[in-house]
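*Asks:* Handing you this structure, nothing more for now.
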Amino acid sequence: MKTLNAKELSSLPAKIAGPGYDRASLTPGILHIGVGNFHRAHMAHYLDRLFEMGKGHDVAIVCAGVREGDARMRKSLLEQDCLTTVVDLAPNGLSARVIGSMIDFVQIDPTATIAAMCSPAIRIVSMTITEGGYYVDAKTNGFDAAHPDMLADAANIGDPQSVFGIIIAALRLRREAGVPPFTVMSCDNLPENGHVAKRTIVGLARMSDVEMAGWIAANVAFPSSMVDCITPATSDRERSMVADSFGLVDNVPVVCEPFRQWVLEDNFPLGRPPIELVGAEFVENVAEYELMKLRILNGGHAAIAYPGALLGHHFVHDAMADPRVRDWLDALIKREIIPTLRPIKGVDYQRYRETIVERFSNPKIGDTIPRLCLDGSNRQPKFILPTLADALRKGGDIDGLALEVALWCRYCAGTTDAGEPLQVNDDSRADLQRRALEARTRPAAFLENAAVFGDLGQDPRFATGFAAALASLWGRGVEATLAAYVG
């Protein structure tokens, strides 16, 4: 049994691949904030493959973070020299590779992160900070300037604590030193994520320095990107899998599906790695690809999460093996989600839907329903409600989308269909549960949550559909309600 670190790279177990390039020759070019499983399965994987080709050795990744979980990840990764094991969970077998594209992890401290960003070698600052980390006002869909984090950073521009305050501070110092600004690249699941990142950074800068905000808007690039790879959380199960199957001890391995997709706008003024050589796609307009993925894949995850939980499933593949859940997902995507999307040249939405169903059904992934249910108050406004709003504007069918929201409400009540307790994992859990229980007799109580629904909760067609669906869930149960929609 080997313990993962740089000294062991030359003698890894036979069943696991490792970097064929000299990591000592790598130099930093990207600073990435939010080094979770997805980043390591996705961007770090793409760059590792590029380095293996002998390309891009001047764009290695320096890791950074701002949260308590980032500190734990930093400690674990530094103990193994920033190496990480990525296991691809193909239905017909496992394969593993030690990824070497990350070369350092700065101290979890704003001053240290700002200093690292100020290095002229850093040409790109990328981030995966979750969909809920961009300070979006649910009512206006714009920048939430009233959020306490933003007010605190605006009042203390010399000591920022948020990711965006840190980025602004680094850009200001680079400007003062005559160093060109880095590109800011979001890798989170948001429609037009580059635009959202720019809006938040410029909005925060404007709260304390209007001139700096204008300079950022005019000089900093914010390319949008669409990213895709199902990546479950790491637990003892995954650590044991790496040890038992590959003979390697890695405290923070990553397991993921073998499917990966990365579509980007080509807007990198200081240059970028040629990741198109390893499968990334550069297009003029990422927005339609983002919308496809967010609505079909992420919206599909939301659609199976709550009925899966209410019917007592723990693993996603088990929920997909249940025809009640699978047929509901298939019908919802066909009838109500795909009709909200504009055609993309060369893309077959029905084939994409079939691929999604296959991916969700992969038993090797071990993805869990509780993970999909996590943080619904932030995920519903990103993955379901915009689709619903589009369908309403176009006069399309919304019965299934209203049912999806009703399923979330029923889940927030805190019990399965069989009456077993459910652990609702959401920062707003108490408020959601109170509203969900009140909604049993007064459905509007749930939709009056303006932080989630904005004005959408007042739409009479949606409110009527939601009320009918929720009444059916409480009265007839999940199975009968799903069957009625499918039928």
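*Asks:* Under 9 Å between Cβ atoms, at least 6 apart or on separate chains: pull out the pairs that start in region 335-350 with a residue that is without any contact (Cβ under 8 Å) to a residue 40 or more places away in the chain and end on any residue that is surrounded by 15 or more Cβ atoms within 10 Å (Cβ to Cβ).
*Replies:* These pairs meet every condition: Pro343/Glu288; Pro343/Tyr349; Gln350/Ile338.
*Asks:* Of all the helices (runs of 4 or more DSSP H) wholly in region 14-93, which have at least 2 residues that are more than 25 Å from Pro274 (Cβ to Cβ) and touching a Gly at 6+ places or on another chain (Cβ under 9 Å)?
*Replies:* 68-79
*Asks:* Still on this model: Considering only residues of region 328-379 that are of a type in the set (Lys, Arg) and outside any helix (DSSP H, G or I), which is farthest from Leu432 (Cα to Cα)?
*Replies:* Lys345
*Asks:* I've got another one for you. For residues that are in contact with a helix residue (DSSP H, G or I) (Cβ under 9 Å, 6 or more places away or on another chain) and in a loop (DSSP other than H, G, I, E, B), scanning just region 428-441, find the one that is farthest from Tyr411 (Cα to Cα).
*Replies:* Among residues in region 428-441 that are in contact with a helix residue (DSSP H, G or I) (Cβ under 9 Å, 6 or more places away or on another chain) and in a loop (DSSP other than H, G, I, E, B), the one farthest from Tyr411 (Cα to Cα) is Ser428.
*Asks:* Go through region 185-223 and report how many residues are closer than 24 Å to His45 by Cβ and modelled with pLDDT of 95 or more.
*Replies:* The total comes to 8.
*Asks:* Follow-up question, since we're still on this one. Could you give every pair whose Cβ atoms fall below 9 Å, whose first residue belongs to region 228-250 and is closer than 21 Å to His42 by Cβ, and whose second residue is part of a loop (DSSP other than H, G, I, E, B) and aromatic (Phe, Trp, Tyr), counting only separations of at least 6 or pairs across chains?
*Replies:* Taking only residues 6 or more apart or on different chains, the pairs are Asp228/Phe259; Cys229/Phe259; Ile230/Phe259.
*Asks:* Follow-up. How many residues, within region 34-76, are within 16 Å of Asp188 (Cβ to Cβ), surrounded by 24 or more Cβ atoms within 10 Å (Cβ to Cβ) and β-branched (Val, Ile, Thr)?
*Replies:* 1
*Asks:* Out of (1) more than 13 Å from Ser225 (Cα to Cα); (2) assigned to a helix (DSSP H, G or I); (3) modelled with pLDDT under 95, what's the single condition that is false for Pro258?
*Replies:* That leaves (2) as the condition not met.
*Asks:* Here's another thing I want to ask about it. Could you list all residues from region 261-309 that are at pLDDT 95 or above, hydroxyl-bearing (Ser, Thr, Tyr) and touching a strand residue (DSSP E or B) at 6+ places or on another chain (Cβ under 9 Å)?
*Replies:* none
*Asks:* Among the residues in region 453-470, are any out of contact with any Pro (no Cβ under 7 Å at 6 or more places or on another chain), over 22 Å from Asp397 (Cβ atoms) and modelled with pLDDT under 95?
*Replies:* no
*Asks:* In this structure, is Ala389 surrounded by 15 or more Cβ atoms within 10 Å (Cβ to Cβ) and of a type in the set (Gly, Ala, Ser)?
*Replies:* For Ala389, the condition - surrounded by 15 or more Cβ atoms within 10 Å (Cβ to Cβ) and of a type in the set (Gly, Ala, Ser) - is met.
*Asks:* List the residue pairs whose Cβ atoms are under 7 Å apart, where the first residue sits in region 1-29 and is hydrophobic (A, V, I, L, M, F, W, C), the second is surrounded by fewer than 19 Cβ atoms within 10 Å (Cβ to Cβ) and part of a helix (DSSP H, G or I), and the two are 6 or more positions apart or on different chains.
*Replies:* Sorted first by the residue in region 1-29, then by its partner, the pairs are Met1/Ala243.
The values are calculated or read from the model by the stated rules, or taken from the named source; none is laboratory data. Given the structure is predicted, the values throughout are model-derived calculations rather than measurements. Using ideal geometry, Cβ is built from the backbone for each residue, glycine included, and neighbour counts are taken over all protein chains shown.
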